Every structure is written in C-alpha cells, then in structure tokens.
Amino acid sequence: MSLLAANNLSLSFGGVHAVEDVSFSVNKGEVFSIIGPNGAGKTTLFNLISRIYDASTGSIRFNEQDISQVPTHRIAELGIARTFQNTELFEQETVLRNLLIGQHVHRRTNLLQEFLFLPSVRQQELRFRKDVEDVIDLLDLQHYRHQVIANLPYGVRKMVEVARALCLKPRLLLLDEPSSGLNPEETEDLSFQIEDINEELGTTIIMVEHDMNLVSRTSTRVMALADGKLIAVGSPVEIQQHPEVLKAYLGE
Amino acid sequence: MRFIKKTHYNQDIQLFKHQGQLFWYGALGVALLLSPLVLSDFYLGELSLVFIYAIAGIGLMLLTGYTGLVSLGHAAFLAIGAYTHAYLLAQGWPFPVSILCATLLSSLVGAIIGIPALRMTGIYLAVATLAFAIIVEQVLSHWVSVTGGFRGMAVELPSIGSFSLDDSVTFYFLCLFILTGCLFLALNLLRTSTGRAMTAIRDSEISAQSMGIHLAYTKTLAFGISAGFTGLAGSLLAHKIGYLAPDSFTLLISIQLLLMVVVGGLGSLHGVIYGALFIGLLPQGLALLRDTLPPALAQIPGLEPGIFGLILVLVLIYEPQGIYGRWLKIRSYFEEFPLYRKATHKRQRSYLRTERLK
C-alpha cells in the first residue's frame, strides 16, 4: 500500500517549470530512487515533499493524509525526515547534540519544567540519549560522538546527517544525494547502511542519487525525471534500458 | 589531560562534569560568599554591578550567542524592567512581587517585539531592535505621569517587609543570589530541548525546520526569555543607580551589553561572566589609568567609549571567540603541554553549506 502519493504536482518559478505534472506513489517499506540529469527537479521535488516550497498545483498525500497545506515544522512530527544535498548540520554543536536535536519532535516537557530541570525532564533526556546511542551504533559513529561538526570530514558529516534524520524515528526518510562527495569505499558502506535502515528499522526511503551502482544495488523502484517531467518509473534494470531515459542523459 | 570514565548517561547531563569542576566552582562560591569580610563597600558595589551586568548578559547571550539573533536594543528591556520596578514600588507593591512583575512585563514586551522581528535576521534585525530602543527612550522622556520625564524618578530603597536590603553587603548578596539562580535556569534551559532548538536555529534555520522546530515560536520564546532576564537585571540596576532618568538607558548601554557578550565569548555562559567583569571593571581601570597619563592625553573627551570601541574591533579581528575562547586555548596548551600543536585552533573556512532558501 502506498505511504506517499503525489498527484499532478507542479511548481514554477516565474517561467521556469521546475516540476511539471508529476504523479507517483511510494509503497511502504520501499527504497525508491529518483534519478535525472542536473536541473531535472529532483531536489525541488524533495523540497515540495518536506514543505519548504508550496506546490503551484497538485497535492501530496502521506499516510492517507493530505499534507499540501501542513506547515513546514509539522512535517517532522508526521514522520518525514530528510537530509540535504550539501549537508545542513548544526555546525557549532557536537555530533551528540545534533542527534539530540533530531529528537526534538519527541519531547513531552514544557518550558517551566525545563527551566527547573524537573525529574521528568531528566528522564526524558536519558530516554533521548538512549535512542541516540542506538542510532550511533547502527551507523558506527561512536568515535565522533563528542566532536564538533565543523571539525569533521565530509564523509562523516553525511553520515551524521542521516543519523540525525533517523533520530526522528521517521516512517519516511528522504535522502538527497547521500553519496555525493563520498569516496568509493564510503559509498559501499552507505549502500549497506541504507539496507540496514530499510530492513532493521522498516523505514521507507526516497533517495535522490546519481551513482547508478548504488541505485541499482539498493532500490526497489526507480523514477527518472528530466526537465521537471516524469519520464519513467520501474525496476532499476528497466530504467537503465529505457529509451527515454537514455535519451535524457545522452541526447539523440 | 583529564580522562573521565563514563558509566552512565547522567554524567553527560549533570551540571558539574567531574570532581575538579565541583571543587573549583565550590571554591569560587565560597570566595564570593566570604568576600564581604575582605572587600570595602566600594568594591562590593562594583561587584554587585558586575553581577547585574551578568544577569542582563545571560539574557542577551541566550538571544545573540545561542539563537543567533543580534539585538542592539537591549537597553530598552533594561529600562522597562527598571522603570516598572520603580513605579510598582512607588505604588506600594512589595519588593518580590514588584521585581517579578517587572521581569514578566519586559519578557512580554520582548515576545511582542520578537513577532515582527521574525522576518528579519542579521543587520536588519539589529537595526529594528535599535529603532525599538529609541522608541522606548522617547516614551521614557515623554510619559511624564509614570516615568517623571526628563526629571526622572527616585527609586525606593529595597526591602522585604521591614528587612532592608539597602546596605551594600545585603545588596551584594541579593545580586549574587539572583545571578546564581539565573545561571541555573539558563544552564537548565540549554541542556534541554528548547535550548537545543535555539542553537539549531542559530546554525541552520532550514534544517531546524525540517527537524520539527517551530521557527516563529522558538524565536519569539527566545526574545521573551532574553528580555525577561534583562528586565530582571534592570530592576536590580534601578536600586544600584538609585535615580532613574532616560539618559541612563541610552544606545551606548545597548552597545555595551552587546560588547559584553562578544568580548566575553559568544555561545558560552562563561563568556557572560568574563564579559561582565570586563564591562564592569574597565571604566574603573580606565579611571586609574587616567591618573597616570599625561593630562593632555587623559583629558581627551570620549576616551572611554573610544577605548571600548577599539577593544571590540581588536577582539573581533584577533579573538572572535572572546575571552572565554582564549581561556580555552590557554588551557588546552597547558593540558597537552609538550605536545601542543600550533594549528590546533586554526580557523578553517568551509564552503559546504547549501545556499540559503529565502
């Protein structure tokens, strides 16, 4: 059954049609990849799903609920977490605090309790910490726990960002080019980690990715976009042989 | 170097991370409690002023250092706290109630100012808060029935019931007590969700939003909390200066407050204390210096604000992390002593951030 469904989604910036009449649906438990040449509208699509942009027309349904009008900060509470193409971490904070910020949607205490640090707040902090440690274990970030983000190499930052998104305990995880800037070895690790997240946590994943190797190893289905339009959806093998997809990448 | 064996997550949550910290803060506490035995009334008064600055600084630090919103108008909140407190005392309200109301009122005004300020960041926000401070200054000089206009108003002596808080030792302890309480509240806030949400907004609004942080709510909250602390400091300051006039709360005070958090070290509560010591004691230091200078140099008008400005510029260029940042570097030098590498704290530029979505 479908977890996320987009119907006739369009977004234009002035005369530029970044996304044009795109409809697709993602099933529960899938790893769904979006590919396409530069400027195809992949990241824009992500920004539409995470409600950073308002769609010009069309609607998005998540878990049987229309999310086209939901305010941006509510998206995380609904269970959609995302990463960013060039990493958007909280640079001046440690990895641990970054991940704890990922727990923000699970807080149950109010300001007064926090000011006084009542026992309920302490309990909550301990619970958060335990959940964060689970994610750290899953993604092997133990070494970096107390390091400040600004001092970390790029590959680790990418993983921290995935970890932070996982701290939301999302039902749907949006990964925007998770392998960009990673070396082949890190990309290899990433593909195992994506499988782990998908299988162990049961998280549905939508991923924008250029590395076809990674895509075909991890994805259940692939959607190809070009110039804001959907050209094909299918299994990784089908997509790699699809004549329209080849045309979009290689020309006539 | 100290290596701490960690066996429970509580060790990362508690305020004192290890025995050494407990010892040194305890020693500092004892020293502060005993200092009235040693120091003269004049120095106790100066220390009280430092404490008051520090309370205001906690407020501004939460806003500027932790939420990333620059305010050039915090003298206004200081003024609102001071005048409200003085007015309520004159109406015969008891001291604790009056000080609480002054805090809450400035907090409320801060939250209201926060709402239009939500759309602005950086320099635009600084200018908007500056405008607000000027408006408040005008209100103070023209709302004669409440503030006494340019004539100003006298502040009643502080007392709880028949117990007077006016003599310098009692007032010193009052300020110390309130400062400790404020530090405790601020530290608690910073180790919980709301504090983390504030730092998240400082570092990346877009990803804070994606983490489920309500930007408008958190920023308004930060403004409210910040103004509350500053208002509280204002009501203590009212007693310290004894007589309120609009020119006690000029733009220069706002700039001094900002200078305090920048020189102390943005993004740390230690920085607030260092900054307050700096701001509180520098004028005295300059006065002493002035006596030793040749008269031609000592009599230059505007020497003090000039030196303040010069120090701010020098700190921004050579030590953007302020006195606290410098202290951390010195400490790590001695901790790693023969192995210290010169480049440890070298600043690097990173070009990795996503272009901001407007």
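Since every read-out is calculated from the coordinates, none of them should be taken as a lab result. Values in this document were obtained by computation on a predicted structure and should not be read as measured data. Cβ placement follows ideal geometry from the backbone for every residue including glycine, while neighbour counts extend to all protein chains displayed.
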Problem - Residue-averaged [θ]222 nm for chain B, counting only DSSP H segments that reach four residues, each worth -39500 (n - 2.57) - result: -23000 deg cm²/dmol
Exercise for the section: Lys and Arg at +1, Asp and Glu at -1: add these up for the other residues within a Cβ distance under 11 Å of residue A:11 and post the number. Expected result: -3
Handout entry: Set A:28/B:219; B:17/B:342; A:158/B:5 screened for pairs whose C-alpha atoms are more than 32 Å apart
Key = A:28/B:219
Completion exercise
Computed over chain A, the relative contact order (Cα-Cα under 8 Å, seq sep at least six) in percent reads 28 percent
Problem - When the protein assembly as shown is reduced to its Cα atoms, the Kirkwood hydrodynamic radius in Å - result: 26.9 Å
Handout entry: Shielding of A:100-106 by partner chains, average beta-carbon count, 10 Å
Key = 6
Problem - Rough spin-label spacing in nm, given labels placed 7 Å along Cα→Cβ, for residue A:120 and residue B:166 - result: 4.4 nm
Problem - Contour minus Cα-Cα distance for residue A:56 and residue A:183 (0.36 nm per residue) - result: 41.9 nm
Problem - Along principal axes, Cα extents of chain A, largest first, whole Å - result: 65, 41, 34
Fill in the blank from the handout: Sparse-neighbourhood loop hits (chymotrypsin sites (Phe, Trp or Tyr not before Pro), the stretch B:128-230; DSSP loop; Cβ within 10 Å at most 16 others) -> B:143
Handout entry: Percentage relative contact order, chain B, counting C-alpha pairs under 8 Å, at least six apart
Key = 29 percent
Practice task
Take residue B:243, project a point 7 Å from its Cα along the Cβ direction, then tell me which residues of the stretch B:118-156 have their backbone nitrogen under 16 Å from it.
Solution key: B:148-156
Practice task
Mind jotting down a quarter of the surface of the convex hull over the alpha carbons of the stretch B:38-250, in square nanometres, one decimal?
Solution key: 12.1 nm²
Handout entry: Estimated 222 nm signal from helices in chain A, with DSSP H stretches of n ≥ 4 weighted -39500 (n - 2.57), rounded to 500
Key = -12000 deg cm²/dmol
Handout entry: Binned Cα-Cα distances of chain B, short to long, each 10 Å bin given as a whole percent
Key = 5, 22, 32, 26, 12, 3, 0
Handout entry: Relative compactness, the stretch B:88-191, computed as alpha-carbon Rg over 2.2 N^0.38 Å
Key = 1.35
Completion exercise
Nearest-0.05 FRET efficiency for residue A:23 and residue A:199 at R0 = 35 Å, using Cβ-Cβ distance, is 0.80
Fill in the blank from the handout: Along principal axes, largest first, the alpha-carbon spread of the stretch A:89-168 in whole Å comes out as 39, 24, 19
Problem - Net charge dipole size for chain B [Lys, Arg +1 and Asp, Glu -1 on Cβ; Debye, nearest 20] - result: 1640 debye
Problem - DSSP-defined beta bridges in the protein assembly as shown - what % are antiparallel, rounded to 5 - result: 60 percent
Exercise for the section: Summarise the partner chain shielding of A:126-133 as one whole number: the mean count of Cβ atoms from other chains within 10 Å of each residue's Cβ. Expected result: 2
Practice task
Just flag the GluC sites (Glu not before Pro) in the stretch A:42-149 sitting in loop per DSSP whose Cβ has no more than 15 other Cβ atoms within 10 Å.
Solution key: A:64
Practice task
Work from the charge dipole of the protein assembly as shown (Cβ charges, +1 for Lys and Arg, -1 for Asp and Glu, about the Cα centre) and give the residue of A:153, A:76, A:3 farthest towards its positive end.
Solution key: A:153
